[in-house]
1. Quick check on my filter: what residues within region 111-123 are assigned to a strand (DSSP E or B), of a type in the set (Ser, Thr, Tyr) and closer than 27 Å to VAL12 by Cβ?
2. Taking only pairs six or more apart or across chains, which ones have beta-carbon atoms under 9 Å, a first residue in region 72-91 that is farther than 13 Å from PHE29 by Cα, and a second residue that is of a type in the set (Lys, Arg) and open to solvent by 50 Å² or more (accessible area, probe 1.4 Å)?
3. Any idea which residue in region 36-55 is surrounded by the most Cβ atoms within 10 Å (Cβ to Cβ), counting only those that are part of a loop (DSSP other than H, G, I, E, B) and within 15 Å of the chain's Cα centre (by Cα)?
4. For region 1-34, name all the residues that are among the aromatic types (Phe, Trp, Tyr) and touching a helix residue (DSSP H, G or I) at 6+ places or on another chain (Cβ under 7 Å).
5. Every residue in region 94-119 that is under 16 Å from VAL48 (Cβ atoms), at pLDDT 95 or above and open to solvent by less than 70 Å² (accessible area, probe 1.4 Å), please.
6. Kindly indicate whether any position in region 56-67 is under 11 Å from the mean Cα position of the chain (by Cα), under 18 Å from GLY10 (Cα atoms) and either modelled with pLDDT of 95 or more or hydrophobic (A, V, I, L, M, F, W, C) (or both).
7. Does region 63-76 contain any residue that is among the β-branched types (Val, Ile, Thr), surrounded by 14 or more Cβ atoms within 10 Å (Cβ to Cβ) and closer than 15 Å to ALA97 by Cα?
8. Run down TYR95, TYR80, TYR108 and say which single residue is touching a Ser or Thr at 6+ places or on another chain (Cβ under 6 Å) and either in a strand (DSSP E or B) or not aliphatic (A, V, I, L, M) (or both).
Amino acid sequence: QVHPVESGGGLVQAGGSLRLSCAASGGTFSSYAMGWFRQAPGKERQFVAAITYSGGRTDYADSVKGRFTVSRDNAKNTVYLQMNSLEPEDTAVYYCAATYSYSDYVNYKYGYWGQGTQVTVSS
């Protein structure tokens, strides 16, 4: 099974950019669709973006469309989340997740989760 590990979080001013990385070990990376989720204090975890096995399909939450880009490099077993034009409302712990099933992918169900990385956007 795959084990995702996120990195790249930090503190950034509004309007700035960050790139999150998620390195996955323990499985055949290209066999997993990958997703990004986030959870702000006092709020439920929400979907942010996702990408299928070879990157042929990507999906985004409405709140990040046009600002965030998800990509993957299967040779490096890594998925990325490029975040531009960051807003204070983007402040959250960002989680990387993996799923083997395409049915689970389209239903936002993921079985393997990282520990999260904090993103803080100051105004």
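The values are calculated or read from the model by the stated rules, or taken from the named source; none is laboratory data. Just so it is clear, the structure is predicted and the values come from calculations on it, not from any experiment. Note that we place each Cβ from the backbone using ideal geometry, even for glycine, and neighbour counts take in every protein chain shown. Only protein heavy atoms, including side chains, enter the accessible area calculation; ligands, DNA and RNA are left aside. Shrake-Rupley method; radii C 1.70, N 1.55, O 1.52, S 1.80 Å.
1. Of the residues in region 111-123, the ones assigned to a strand (DSSP E or B) are 112-113, 117-122.
Now narrow it down to the ones that are of a type in the set (Ser, Thr, Tyr): 112, 117, 120, 122.
The answer is THR117, THR120, SER122.
2. From residues that are farther than 13 Å from PHE29 by Cα, the pairs are TYR80/ARG19; LEU81/ARG19; GLN82/ARG19; MET83/ARG19.
3. Quick first cut of region 36-55, residues part of a loop (DSSP other than H, G, I, E, B) only: 40-45, 52-55.
Filter again for within 15 Å of the chain's Cα centre (by Cα), leaving 40, 45, 52-53, 55.
Values: ALA40: 14, ARG45: 15, THR52: 16, TYR53: 18, GLY55: 16.
Of everything passing the filter in region 36-55, TYR53 is surrounded by the most Cβ atoms within 10 Å (Cβ to Cβ).
4. To start, the set of residues in region 1-34 that are among the aromatic types (Phe, Trp, Tyr) comprises 29, 32.
Once the filter is applied, which keeps residues that are among the aromatic types (Phe, Trp, Tyr) and touching a helix residue (DSSP H, G or I) at 6+ places or on another chain (Cβ under 7 Å), region 1-34 yields nothing.
5. TYR94, TYR95, CYS96, ALA97, ALA98, THR99, TYR110, GLY114, GLY116, THR117, VAL119
6. Within region 56-67, not a single residue is under 11 Å from the mean Cα position of the chain (by Cα), under 18 Å from GLY10 (Cα atoms) and either modelled with pLDDT of 95 or more or hydrophobic (A, V, I, L, M, F, W, C) (or both).
7. Going residue by residue through region 63-76, those that are among the β-branched types (Val, Ile, Thr) are 64, 69-70.
In the following step, the residues that additionally are surrounded by 14 or more Cβ atoms within 10 Å (Cβ to Cβ) were identified as 64, 69-70.
Checking the rest, the ones that are also closer than 15 Å to ALA97 by Cα come to 70.
For region 63-76, residues among the β-branched types (Val, Ile, Thr), surrounded by 14 or more Cβ atoms within 10 Å (Cβ to Cβ) and closer than 15 Å to ALA97 by Cα: present.
8. Working: TYR95 fails: touching a Ser or Thr at 6+ places or on another chain (Cβ under 6 Å); TYR108 fails: touching a Ser or Thr at 6+ places or on another chain (Cβ under 6 Å).
One residue alone meets the criteria, TYR80.
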